[in-house]
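Chemist: Dumping the structure here so I can ask a few things about it.
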Amino acid sequence: MPVRAEHDRAVLAELLGRDPVLHAYQLGDLDDFFWPYTSWFRRGEQVVLLYHGVEPPTLLAFAAPADTAALAALLTEVAPVLPARLYAHLSPGLVEALSGSFRFDSGGRHHRMALTDPTRLDAVAAAGVVLGAADLPRLRELYAVAYPGNWFDARMVDTGQYLGVRDGGDLVAVAGVHVFSPAYQVAALGNVTTHPRWRGRGVGAAVVAGLCARLRRSVRHVTLNVQVDNAAAVRLYERVGFTRVADYDEWTLTAR
């Protein structure tokens, strides 16, 4: 079956919805909020997403181990139409499919985690107030100090799914989302950080717990990505009920 550009959201939703945790980011990008910035490629039941709402564009390709070879074949066919430089999130073993067309530099291995034991949220004193557009200056100040170089789309604050903890007029902790889609029943936590002076006090767990409780009112699947060597973050997420469900690798790709 040849590769084809796919424009039918219903087809994509059906294919990706077979594993909504693994494909949470792609399902979220089916929403009108992100759809105009997406290009989709399909070969049979395998799907690849190129998201060009950021610079460089980001390629997402995830597969269960049994489907890795089929998705690798799709990536090989798609490679000639990809940008000369892009970032990629790929299941283990897939980058080799692009090695004939691209040089690649590793951005590290990451866990995909999912909230599988929400009862643990009850053991954490949740905290945080909903942030809005008026909080953007303070939010950016916090990221500059506590999470420099993070990817932050200010439009996501408008979802109402950013919670912050304040000390006086300053934000000292925040938890937000990269994906929030009640239509497709998925959310992905992102831009979670605590001011260095406030770390070790439980504030980070409190604001994450508060956001997870809020998200569960609207979506069925709450997920996140975290670098495997970020042991403190992994412990925090496990404490509030997340478990690792898959791994993937991040890469910077440059055309040969």
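The values are calculated or read from the model by the stated rules, or taken from the named source; none is laboratory data. Since this is a predicted model, take the numbers as computed values, not measurements. Cβ sites come from the backbone with ideal geometry, for glycine too, and all protein chains shown count toward neighbours.
Chemist: Consider the range 124-145. How many of its residues are without any contact (Cβ under 8 Å) to a residue 24 or more places away in the chain and either in contact with a Leu (Cβ under 7 Å, 6 or more places away or on another chain) or under 19 Å from ALA205 (Cα atoms) (or both)?
Modeler: 0
Chemist: I want to confirm something. Restricting to the range 2-31 and keeping residues that are in contact (Cβ under 8 Å) with a residue 40 or more places away in the chain and of a type in the set (Val, Ile, Thr), which single residue is farthest from ALA188 (Cα to Cα)?
Modeler: Looking at the filtered set, the residue picked out is VAL3.
Chemist: What's the total number of residues in the range 54-69 that are surrounded by fewer than 15 Cβ atoms within 10 Å (Cβ to Cβ) and within 14 Å of the chain's Cα centre (by Cα)?
Modeler: 1
Chemist: So SER181 fits all but one of (1) more than 30 Å from GLY93 (Cα to Cα); (2) hydroxyl-bearing (Ser, Thr, Tyr); (3) touching a helix residue (DSSP H, G or I) at 6+ places or on another chain (Cβ under 8 Å); what number is the exception?
Modeler: Single failed check for SER181: (1).
Chemist: Can you name the strands (runs of 3 or more DSSP E) wholly within the range 90-207 that have at least 3 residues being surrounded by fewer than 16 Cβ atoms within 10 Å (Cβ to Cβ) and in contact with a strand residue (DSSP E or B) (Cβ under 6 Å, 6 or more places away or on another chain)?
Modeler: Strands (runs of 3 or more DSSP E) meeting the threshold: 102-115.
Chemist: Every residue in the range 116-156 that is of a type in the set (Val, Ile, Thr) and in contact with a Pro (Cβ under 8 Å, 6 or more places away or on another chain), please.
Modeler: Result: VAL145, single match.
Chemist: Also, I was wondering about something else. Specify which of the listed residues (VAL222, VAL208, VAL228, VAL234) is in contact with a His (Cβ under 6 Å, 6 or more places away or on another chain), of a type outside the set (Asp, Glu) and in the same structural domain as VAL179 (by TED's automatic domain parsing).
Modeler: Of the residues listed, the single one that is in contact with a His (Cβ under 6 Å, 6 or more places away or on another chain), of a type outside the set (Asp, Glu) and in the same structural domain as VAL179 (by TED's automatic domain parsing) is VAL228.
Chemist: Within the range 144-158, track down each residue that is farther than 23 Å from LEU215 by Cα and small (Gly, Ala, Ser).
Modeler: Listed by number, the residues that qualify are ALA144, ALA146, GLY149.
Chemist: For the structure I just gave you, tell me whether ASP117 is at pLDDT below 95 and either under 30 Å from LEU163 (Cα atoms) or not assigned by TED's automatic domain parsing to the domain that holds ARG9 (or both).
Modeler: no
Chemist: Counting only residues that are free of Cβ contacts under 8 Å to residues at least 24 places away in the same chain and farther than 21 Å from TYR51 by Cβ, which one in the range 146-186 is farthest from the chain's Cα centre (by Cα)?
Modeler: GLY168
Chemist: Which of the following residues is more than 20 Å from ALA154 (Cα to Cα), aliphatic (A, V, I, L, M) and either part of a helix (DSSP H, G or I) or in contact with a helix residue (DSSP H, G or I) (Cβ under 7 Å, 6 or more places away or on another chain) (or both): LEU60, LEU50, LEU30?
Modeler: After applying the criteria, what remains is LEU60.
Chemist: Could you list, in sequence order, all residues of the range 213-230 that are out of contact with any Pro (no Cβ under 8 Å at 6 or more places or on another chain) and either modelled with pLDDT under 95 or of a type outside the set (A, V, I, L, M) (or both)?
Modeler: Matches in the range 213-230: ARG214, ARG217, THR223, ASN225, GLN227, ASP229, ASN230.
Chemist: For the range 76-94, check the following and say yes or no: at least one residue is under 24 Å from HIS221 (Cβ atoms), over 20 Å from the mean Cα position of the chain (by Cα) and outside the structural domain of ARG220 (by TED's automatic domain parsing).
Modeler: no
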